[in-house]
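Contents: one structure, followed by commentary.
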Amino acid sequence: MELSCRSADGILIAAVDGRVDEATWEAFAERLGEAIDQAAAARQSEVMLDLSGLDYMSSRGLRVLTMAKRQAEAAGLTLTLAAPNEIMREILAISRYDKLFHVSDSVDTGQ
C-alpha cells in the first residue's frame, strides 16, 4: 500500500495504490490522517481520496475511512472518494459506504 499526496485547486488529492488489508491498514490510517492534517493546515477545503489504484480494501480499511471522515469533518474538510475501479465500487456498494461518502467518478472533475 502506497499513499501519495498532491494539491490542486484548493483540494488535497491523496492517491492510494495496492491493497488495504490486515497487513497495511495501520499504515493507511496513519498516512490518511497525516494527509487530512496537511489539508487542514493548508486551509484546503477537501481531501479527495483517489481509489483508482486500489486493488482491495478489507473491513479494517473501511473503518479507517469512517474515522478519516470524522477527522476531516472535525477539521472543516470534506472527504470525497474518487475514481473507484469495479472492485472498489462493489466493496463500497456492499458496505453501503457509497451512501455515507460522496463518490466521484473522476479525480479531475469531482463529478
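Structure notes:
- For the range 57-78, the count of residues that are β-branched (Val, Ile, Thr), touching a His at 6+ places or on another chain (Cβ under 8 Å) and without any contact (Cβ under 8 Å) to a residue 40 or more places away in the chain is at least one.
- Pair list, Cβ under 7 Å, 6 or more apart: the range 79-92 residue farther than 9 Å from Asp105 by Cα, other residue surrounded by 22 or more Cβ atoms within 10 Å (Cβ to Cβ) and of a type in the set (Val, Ile, Thr): Leu79/Val47
- Residue in the range 17-38 that is within 19 Å of Val103 (Cα to Cα), of a type in the set (A, V, I, L, M), part of a strand (DSSP E or B) and modelled with pLDDT of 95 or more present: yes
- Unique residue being out of contact with any helix residue (DSSP H, G or I) (no Cβ under 7 Å at 6 or more places or on another chain), without any contact (Cβ under 8 Å) to a residue 60 or more places away in the chain, under 24 Å from Asp98 (Cβ atoms) and of a type in the set (Gly, Ala, Ser) when the list is Ser7, Ser45: Ser45
- Between Asp55, Asp108, the distinction of being modelled with pLDDT under 95 and in a loop (DSSP other than H, G, I, E, B) belongs to Asp108 only.
The values are calculated or read from the model by the stated rules, or taken from the named source; none is laboratory data. Just so you know, these numbers come straight off a predicted model, no measurement behind them. Virtual Cβ from ideal backbone geometry, glycine too; neighbours counted across all protein chains shown.
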